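Since every read-out is calculated from the coordinates, none of them should be taken as a lab result. Quick caveat, the model's predicted, so the values are computed rather than measured. Here the Cβ is made from the backbone with ideal geometry for all residues, glycine too, and neighbour counts use every protein chain on show.
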Amino acid sequence: MVNEKLSEALKEIEYFLLDMDGTVYLGDELIGEMDQTLRFLREKGKKLIFLTNNSSKSNEKYIEKLKRLNLFGEGDEVYTSGMATADMLVERYPEETVYLLGTEALKEEFKSKGVNLVENGQPDIAVLAYDTELTYEKLCKFTTAIKKGALYIATHPDVNCPAPEVFVPDIGSFMAMIELSTGLKPIEIVGKPYDGMGKALMKRFDAGNNKFIMVGDRLHTDIKFGNNCGFYSALVLSGESALDDVKKSDARPTFILDSLNDIKNYF
């Protein structure tokens, strides 16, 4: 049984890293009695961190939705690939100038963390985020900067972003366009499945990788991220992935649940 050691693992796990859409909700609908499940985890002393690759919105926007769905409680946090990128820049490149291809909300978040953003001149670093306010002028500024030698960093690799009718282009699609134009790829990608967000969280909470579990519905992002960070991982079958997909993937979940609601059975 893949879950035979879950009860034992839960004794040392302190931080639940939760994907959102497909894991705790679908659109605007809770997955089962998810509000009660998350309350149960808090009562068991677990820290809940909602983790998303989407770098187009501020964490306040996510908190607003989670509160509306009664999923955000005291002590909970939201951590985006944009926030992780800003944290990385402040730690590793505190003096360098940064041009951010991103939304105004993300720019404000970068500034609040102390990133040295510039709009004109040649920056030291150019960061590609999921910019839902993209203009041709901003795109040309970005490609000019990296062609002239700015370090090229991306917040996450997702090719598409879920949307009500059809998926829409995400940052991975932007990367493909930029590579065709410039021949350049990012020197670093921060978000899932890469380990940048995991390293930032381990440092922030001064905790080893055995203290974390990544819970998500996507093998190639959520579970692969857990694998790359050395975290426990739980694949939930309430969203994108089905059980048959596990056999075809190189991502290996530590545990598999029909939904996160089943976690209560292992305490």
Roughly what % of DSSP beta bridges within the chain run antiparallel, to the nearest 5?
-> 10
Inter-probe distance in nm under a simple model that places probes 7 Å from Cα toward Cβ, at residue 14 and residue 267 = 1.8
Past the 31 Å Cα-Cα mark, which pairs from 11/67; 65/185; 107/192; 47/113?
-> 65/185
For the stretch 150-267, what is the Kirkwood estimate of the hydrodynamic radius, computed as the reciprocal of the mean inverse distance between distinct Cα atoms, to one decimal in Å?
-> 15.8
Using 7 Å Cα-to-Cβ label points, what is the residue 187/residue 35 separation (nm, one decimal)?
-> 4.8
Just from its helices, what would the mean residue ellipticity at 222 nm be for the chain, if runs of 4 or more DSSP H residues each count -39500 (n - 2.57) and the sum is divided by every residue, rounded to the nearest 500 deg cm²/dmol?
-> -9500 deg cm²/dmol
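When Lys and Arg each count +1 and Asp and Glu each count -1, what net charge do the other residues less than 9 Å away from residue 151, Cβ to Cβ, add up to?
-3
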At 7 Å along the Cα-to-beta-carbon direction for both residue 2 and residue 119, put a label point, then send me their distance in nm to one decimal.
-> 5.0
Quick one: compute the contact order of the chain, relative version, from alpha carbon pairs under 8 angstrom and 6+ residues apart, as a percent.
-> 21
Taking 99-108, 68-77 and ranking on average Cβ neighbours within 10 Å, highest first, one gets 99-108, 68-77
In degrees, nearest ten, helix 34-43 long axis to first principal axis of the chain (Cα) | 80
Find how much the distance from residue 28 to residue 138 grows on full extension, using 0.36 nm per residue of separation minus their present alpha carbon separation; answer in nm with one decimal.
-> 36.4 nm
